[in-house]
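A short reminder: the numbers here are calculations on the coordinates, not readings from a lab. Keep in mind it's a predicted model, so treat the numbers as computed, not measured. Please note: Cβ atoms are built from the backbone with ideal geometry, for glycine as well, and neighbour counts cover all protein chains shown.
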Amino acid sequence: MLSIKNLTKKFGDAVAVENLSIDVSPGEIYALIGPNGSGKTTTIKLAAGLYYPTAGDIFIENASITRDPEKAKRAIGYIPDEPFFYDRMTGREFLHLVGVLFGVSEADRNEKIPHLLEIFGLSGIIDGFVENYSRGNKQKVSILAAFLHDPKLLLVDEPIVGLDPESAVRARQLFSDFAKEGGTVFVCTHTLGFVEDIVSRVGMLKTGKLIKEGTIEELRQTAGKPGAGLEELYLHFTK
Amino acid sequence: MNIIFYILSQKLSRVGKILRGKKLAPKIVFAAFVLIFFLIGIAEFFGFLRAFRFLSGQEFFGPPLTLFVLEQFLLFVFVLFILSASISGFFIYFRSSDIPLLLSAPVGARTIFSLKFAEMTAISSWPLILLGIPLVLAIGMGTKAGVPFFIFAFFALAAFLFFSSALASLVIFFAGYFFKCVPKFLSVCASAAVLLGGGYGLVQVMVPRSATLSAIFEAANLESSVATTVFIEHMFFWWPSHWVALLIFSASFDMERAFFILSGLIVFAAVFSMLAFFVGSAAYPFLLLILRESIFYARGRMRGSRDDTRTRAGVRSFPKIFFHPAGAIVEKDILLFIRNYQELAKSGFILFLLFIYLAAIASTGDRIGRFVEAEGVVLALHLIAISYFVTTLSLQFVFPSVSLEGRGSWIVWSSPVNRKYVYIAKYFFWSALLFFVMEASMLFTAPFVGLSGFAAGVASVFLLLLVLIIVSVSLAFGTLFPDFHESNVDRLATSAGGLMTTFTSLALGLFMGIMFFLVAGGSGNGAPWFLFSAVTAIVLIASSLYAGMKRIQQLEVV
């Protein structure tokens with residue numbers, strides 16, 4: 001589903017991501033974790049087509065994000081780390097805009113949006129301007145927007161920043177159910193507890209390079225720490 | 001008081017930071033701005049100087065004509081100042097980004113009011129600097145006035161500035177209260193009616209009627225060696241700028257009268273400013289809080305659990321006009337613009353200037369006769385003037401349209417919409433809209449100036465080419481030099497890319513005006529010139545579109 005091949009991204013002389021290769025299959029939840037500035041967000045933005053790779057490529061459903069971006073992006077639902085919106089649009093207008101951009105018909109939008117709004121109980125505020133939403137509510141709208149067009153791959157950057165605990169649990173359930181139904185989730189996060197219970201594999205990134213990859217059990221074996229949590233493993237490998 | 005000076009000095013220190021900074025581009029932009037202001041001021045100064053020198057040699061008609069010119073231009077400065085201050089002042093008083101910090105700090109409402117008053121006065125003083133000062137310097141030097149004239153003129157302009165700012169503040173506070181009390185539609189209609197009525201009235205005063213010319217040139221008393229200025233004084237009596245004009249006029253030959261007027265002017269400006277200060281600072285805390293409240297629901301009410309795109313009346317929510325994804329992005333741009341009152345007000349100001357210009361052309365044609373004999377020259381100048389308005393509107397809408405996607409552009413950029421289509425949609429939409437507005441403007445003035453069908457037709461073709469070129473250049477520069485972190489249109493328009501767009505567009509406007517004259521106004525065969533213009537336009541449009549579309553494919557939101 002998602003195949004990152006020898007990906008390198010430079011900003012001027014600074015190397016953000018260096019020769020990164022990752023493959024994620026349908027039904028998997030892959031968590032990319034690492035310290036601040038390790039290149040997680042850059043990787044996600046490259047996969048979403050917001051950055052152009054310096055070298056290498058990313059394939060989504062076998063379509064190159066650089067050579068066939070429209071086809072690759074049709075499969076993506078992207079949830080950014082900072083949900084910047086057009087302030088003077090209502091949440092409902094924003095969801096319709098996203099739907100139009102991804103080719104969702106008006107009838108489908110009318111059917112789906114009410115159901116999506118129920119997930120986080122947003123019906124009461126959805127006709128207000130986004131500029132007046134709290135950060136958490138903006139995050140919820142961006143999560144719902146990613147599900148509007150039935151994506152096959154979710155690119156999720158720091159999914160629960162600003163969410164209340166109840167909504168965080170719902171979001172986790174949402175991602176988990178999505179993967180169980182055959183979807184792929186590629187998530188970057190610092191909130192290790194959020195992904196620990198649902199993640200299929202973990203990749204650890206440091207200074208733009210993948211230093212370790214595997215299931216949590218495999219990482220425990222490599223670290224020689226049976227029963228260790230993801231946080232302990234993270235500290236072990238990134239020191 | 002210390003707080004006001006401290007905050008103002010902090011804001012002014014940005015200029016120092018630019019000059020001391022390592023980046024070259026902001027320094028070039030700053031230097032270009034200073035140079036442009038200086039060159040415009042110098043050009044106006046020498047124009048006025050030549051006129052006043054000539055008039056000072058006209059013993060009989062010189063004085064009333066000098067006063068008429070002074071009255072006209074100072075009235076224009078006054079109107080521009082009030083309009084500019086009312087628009088920028090509303091957002092400075094009630095919506096500026098530092099207000100939450102000031103409100104949460106132990107700073108009194110009077111202090112905040114005084115600070116905002118000073119900011120508004122400084123920002124809106126550009127008509128006085130750009131037009132008023134060259135005018136006053138020119139009359140002083142043209143009439144060989146001494147140092148006292150310039151001292152009097154300085155105090156007169158200072159009083160004018162304070163009075164105008166105080167008046168603008170009262171207008172803003174009244175308008176703020178009015179807008180909050182009446183429905184939005186009524187507010188917009190009332191504002192438009194005031195602007196159109198005021199603009200029409202201004203044109204009626206500024207464009208000389210035959211009665212005005214009679215008042216100047218028909219001597220009332222043949223015994224007198226100088227024509228009377230009484231008719232001119234009566235004509236402008238009720239405008240606040242009249243007393244400043246009369247003072248400056250008198251100071252060039254009658255200091256005693258000038259001193260008398262200056263004393264009255266200073267007392268009046270001081271009393272009026274104090275009144276505005278007390279009324280303003282008393283009303284400010286109340287108005288500030290109610291006007292800072294956002295409009296939470298898009299249509300001013302909660303629509304509860306309405307779950308589809310259609311209201312009960314069958315009206316779509318979004319998109320309403322365009323259904324192609326690229327069209328929906330354009331519709332989003334329009335929606336965001338309509339809901340951005342600051343940009344809406346600024347665009348209203350530009351359209352107001354366009355209206356004044358068109359009304360002045362129409363009135364002039366109507367009053368002093370048709371231009372058939374010189375229609376080529378008139379239309380070429382008209383085309384150049386219209387290219388200025390196309391450039392201004394392009395800077396407002398087209399140039400920033402890619403940058404204004406801003407940090408929210410992840411929505412569009414991560415979607416499966418080819419960015420080329422987004423680019424093309426923006427291009428054709430703005431080209432069509434600007435051409436429609438400008439063609440309507442040209443057709444509006446055509447009957448008043450008695451243009452032939454042929455001239456009007458050729459002018460329309462040139463206007464189409466002009467709009468297509470300027471929009472393509474604006475969009476290309478906006479895409480080549482985007483700033484996704486800036487949401488202020490003025491700052492985007494005054495960036496290096498904005499300046500390049502301005503110069504290029506104005507130069508192309510001038511070029512097309514000259515080409516039009518060679519086609520429609522020259523005595524020879526215009527066909528080769530037309531062909532040359534069309535080919536040049538096509539090459540420019542195609543190369544701009546190519547550069548812009550290539551760049552937009554690789555844009556990154558860093």
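A few points about this structure:
- For the range B:110-147 versus the range B:4-19, the spacing of their alpha-carbon centroids is 20 Å.
- Here the ratio of the Cα radius of gyration of the range B:481-558 to 2.2 N^0.38 Å is 1.49.
- Entry for the protein assembly as shown at q = 0.11 Å⁻¹: log10 I(q)/I(0) = -1.33, Debye formula applied to identical alpha-carbon scatterers, no solvent contribution.
- Entries in A:40/A:140; A:45/A:140; A:206/B:17; A:73/A:140; A:73/B:22 that, when Cα-Cα distance is taken, lie over 31 Å: A:206/B:17; A:73/B:22
- At q = 0.12, 0.13 Å⁻¹, base-10 log of I(q)/I(0) for the range B:28-292 (Debye sum, equal scatterers on each alpha carbon): -0.82, -0.93
- What the Cβ-Cβ distance of residue B:182 and residue B:95 gives, at R0 = 25 Å and to the nearest 0.05, is a FRET efficiency of 0.80.
- Eigen-decomposition of the gyration tensor built on the alpha-carbon atoms of the range B:1-117 gives equivalent ellipsoid semi-axes of 39, 23, 11 angstrom, largest listed first.
- P(r) for the range B:325-554, from all Cα pairs and a bin width of 5 Å, is 1, 7, 14, 18, 18, 14, 11, 8, 5, 2, 1, 0 %, short bins first.
- Tensor-based shape of chain B (alpha-carbon gyration tensor, a/c under 1.5 rounded, otherwise prolate or oblate): oblate
- Highest mean first, the peptides B:37-46, A:169-178, B:125-134 sorted by other C-beta atoms within 10 Å per residue fall in the order B:125-134, A:169-178, B:37-46.
- Semi-axis lengths (Å, descending) of the ellipsoid that matches the C-alpha gyration tensor of the range A:88-239: 34, 16, 13
- Eligible lysines near residue A:180 by straight Cα distance, threshold 18 Å, same-chain separation 8 or greater: A:152
- Distance between the pseudo-spin-label points of residue B:353 and residue A:54 (7 Å out from Cα toward the beta carbon): 4.5 nm.
- Global form of the range A:6-71, assessed from the alpha-carbon gyration tensor, a/c cut-off 1.5: oblate
- Across chain A, the mean sequence separation of Cα contacts (distance under 8 Å, 6 or more residues apart), normalised by length, yields a relative contact order of 27 percent.
- Extents of the range B:85-228, taken as max minus min of Cα coordinates on every principal axis and listed largest first, are 69, 42, 21 Å.
- Shape class for the range A:81-163, computed from the alpha carbon gyration tensor (a ≥ b ≥ c): oblate, with a/c not under 1.5 and a/b at or below b/c.
- The range B:47-144: relative contact order in percent, alpha carbon pairs under 8 Å with at least 6 residues between: 51 percent
- Using only side-chain charges placed at the Cβ, +1 for Lys and Arg and -1 for Asp and Glu, the dipole size of the protein assembly as shown relative to its Cα centre rounds to 700 debye.
- For the pair the range B:249-284 / the range A:173-220, the C-alpha centres are spaced 73 Å from each other.
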